[in-house]
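Q: Here it is: the structure, laid out below.
The values are calculated or read from the model by the stated rules, or taken from the named source; none is laboratory data. Given the structure is predicted, the values throughout are model-derived calculations rather than measurements. Note that each Cβ is placed from the backbone with ideal geometry, even for glycine, and that neighbours are counted across all protein chains shown.
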Amino acid sequence: MGSPSKSKAPKKGEAHATMSYYVHETAIVDPGAIIGSGSKVWHFCHLMPGCEIGKDCSLGQNVFVAQGVKLGCNCKVQNNVSLYSGVTCGNNVFIGPSAVFTNVLNPRSAVNRKSEYLPTRLDNGVTIGANAVIVCGTHLAHHAFVGAGSVVTKNVPAYALVVGNPARQIGWISAAGGRLSFNADGRATCPESDKIYLLVDNEVLPLK
């Protein structure tokens, strides 16, 4: 994960285009939040103390980032996404509009479970489709792809394409977002990039 620059949190009501990152005047960035250079924080976002946003990220309208959340470089979080404590993202992660994350498996309003938060990890290049739900305690390996509206309840392998409720794997997808069709020799060519991938013991490997 890239290291964000430790710039001071902006004061409420300032746009901060002159700083190394941009924060819209309607956004709230609490003291102690870290924002990397080149990042953009748009309308009505709220970044809590102790969160870390890497370089060149984009947080769309009404994004909430809780304490302890970490985003790598070049992550794109679309409108109306809440990232709760326990969520960690690598570089080049895309989170579609209104995607939902959780951090407790059995919440009750009358029971304090702050000590029971489960981590959710999204590795480099992961894509989460619009309105998908990612149940806490799951690990999405690099370049996994979650279809819109899916509900992820278990770990997702690298380059896997999962859809549905609960989400089930229906195929493989390249780093460029092309569907991979493997032949009898376990080779596939990405239709987007022409890069060749190998399928070995149910694991996808890009051919160098």
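Q: Here are the criteria: (1) at pLDDT below 95; (2) more than 18 Å from Tyr84 (Cα to Cα). Tell me which single one Ala160 does not satisfy.
A: Every condition holds for Ala160 apart from (1).
Q: Considering only residues of the stretch 132-183 that are more than 26 Å from Ile196 (Cβ to Cβ) and of a type in the set (Val, Ile, Thr), which is nearest to the chain's Cα centre (by Cα)?
A: The qualifying residue nearest to the chain's Cα centre (by Cα) is Ile134.
Q: Among the residues of the stretch 149-208 satisfying the criterion of being among the hydroxyl-bearing types (Ser, Thr, Tyr) and crowded, with 19+ Cβ neighbours inside 10 Å, which is nearest to Val133 (Cα to Cα)?
A: So the residue we want is Ser150.
Q: Please pick out the residue among Cys73, Cys89 that is in contact with a Leu (Cβ under 6 Å, 6 or more places away or on another chain) and surrounded by 19 or more Cβ atoms within 10 Å (Cβ to Cβ). First the steps, then the outcome.
A: Numbers: Cys73 fails: in contact with a Leu (Cβ under 6 Å, 6 or more places away or on another chain).
On inspection, the qualifying residue turns out to be Cys89.
Q: Answer yes or no as to whether Glu25 is charged (D, E, K, R), more than 25 Å from Val126 (Cα to Cα) and at pLDDT below 95.
A: Spelling it out, it is not the case that Glu25 is charged (D, E, K, R), more than 25 Å from Val126 (Cα to Cα) and at pLDDT below 95.
Q: Looking at the stretch 117-127, is at least one residue surrounded by fewer than 17 Cβ atoms within 10 Å (Cβ to Cβ) and assigned to a loop (DSSP other than H, G, I, E, B)?
A: Yes.
Q: Take Asn103 and tell me if it is buried (at least 20 other Cβ atoms within 10 Å of the Cβ) and among the polar types (S, T, N, Q).
A: Working: buried (at least 20 other Cβ atoms within 10 Å of the Cβ): yes; among the polar types (S, T, N, Q): yes.
Yes; evaluated as a whole, the condition is true for this residue.
Q: Name the residues in the stretch 128-154 that are in a loop (DSSP other than H, G, I, E, B) and aliphatic (A, V, I, L, M), would you?
A: Within the stretch 128-154, Ala130, Ala132, Val135, Ala141, Ala144, Ala148 qualify.
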